[in-house]
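Let me begin by presenting the structure, written as structure tokens, before commenting on it.
The values are calculated or read from the model by the stated rules, or taken from the named source; none is laboratory data. Since the model is a prediction, treat every value here as computed from it, not as a measurement. Note: ideal-geometry Cβ built from the backbone for every residue, glycine included; neighbour counts use all protein chains shown. Note: accessible area is taken over every heavy atom of the protein model, side chains too, but ligands, DNA and RNA are not part of it. Shrake-Rupley method; radii C 1.70, N 1.55, O 1.52, S 1.80 Å.
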Amino acid sequence: MERLKEFLDWHCENPHNVNFKMIVAKEDREETLNGMHEMSKLLDTGLTPEQIVGLKERDTEYFAKTSIFDHESVVCKCGNDIEKDSGFGFCPYCGQRLKWED
């Protein structure tokens, strides 16, 4: 991962090098450089690609459904009940972003 970060950083700092110009079409260079900057930032976190995907999935809103046992709580996809009046925007057990059912 460190070598990939060094590669991306070098190309971001030297976008006029011959290799970059041969690989990336002129009209795509700015977008490619922006993507490389973003990728380099992700590599700085120390997280694996799988962990980053997991965080992205967890940050996607999950429509919490009313519990069949207690109508004053909802059930997260991890299976835990959360009181409706707790005010949580995230499940306190797994960290999943919640969107409350109306």
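When the Cα centres of segment 35-102 and segment 4-20 are compared, how far apart do they sit, in Å? Answer, in whole Å: 36. To put it simply, the accessible area of the chain at a 1.4 Å probe is 55 percent carbon and sulfur. Accessible area per residue for segment 18-74 is 80 Å², calculated with a 1.4 Å probe on protein heavy atoms, without ligands, DNA or RNA.
Total lysine pairs in the chain at Cα distances under 25 Å, for residues eight or more apart or on different chains: 16. A simple spin-label model places pseudo-atoms 7 Å from Cα toward Cβ; at His16 and Phe69 they are separated by 6.8 nm. Each principal axis of the Cα cloud of the chain was taken in turn, and the coordinate range along them, longest first, works out to 65, 28, 18 Å. A full extension of the chain between Met39 and Asp59 corresponds to an added length of 5.3 nm, given 0.36 nm per residue minus the alpha carbon distance.
The phi-based Karplus calculation (6.51 cos²θ - 1.76 cosθ + 1.60; θ = phi - 60°) puts the 3J(HN,Hα) values of segment 40-47 at 4, 5, 5, 5, 5, 6, x, 8 Hz, whole numbers, x for Gly and Pro. Placing +1 on each Lys and Arg Cβ and -1 on each Asp and Glu Cβ, with no other charges, gives the chain a dipole about its Cα centre of roughly 320 debye.
Between Gln51 and Asn80, the simple spin-label model (points 7 angstrom out along Cα→Cβ) gives 2.0 nm.
Between Ile23 and Lys99, full extension at 0.36 nm per residue minus the direct alpha carbon distance yields a gain of 23.0 nm.
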